[in-house]
1. Packing-wise, with mean Cβ within 10 Å as the measure, how do 42-50, 55-63 rank, highest first?
2. Compute the projected area of the convex hull of the Cα atoms of the range 28-101, averaged over all viewing directions, and report it in nm² to one decimal place.
Amino acid sequence: MFGGMGNMGNMAGMMKKVQKMQNEMLKMQEELKKKTVDVSVGGGAVKMVVNGEKKVERLTIDPAAVDPDDVEMLQDLLVSAFNEATDKADTMMKTEMQKLAGGLGLPPGLL
């Protein structure tokens, strides 16, 4: 009437794939928390290390970049470093998600 046991077998197989994908995604998210991206702006005046959760782990400011008469330059460098670091973290996440999707046999762009 509803296609017999064949559909149930397909559904069970699909559920196993979904469960595997969920487990792989959780594992990947844990691994990404440990990975970092490094950014250097202003000729090394500001260096920043950001993890896969986009949290700043380390920030180094060259004392020469700290000019009380030009605080705006330092602010601009910090904004630039943070934006570049979060962009790199996003790219790292996207690359890892694409690897995961390919490894699970999912079509590109699904994740």
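1. Ranking, from highest mean packing down: 42-50, 55-63.
2. Here the figure is 4.8 nm², rounded to one decimal.
Where a number appears in this text, it was derived from the coordinates with a stated rule and is not lab data. Everything numeric here is computed off the predicted structure, so don't read it as measured data. Neighbour counts run over all protein chains shown; Cβ positions are idealised from the backbone, glycine included.
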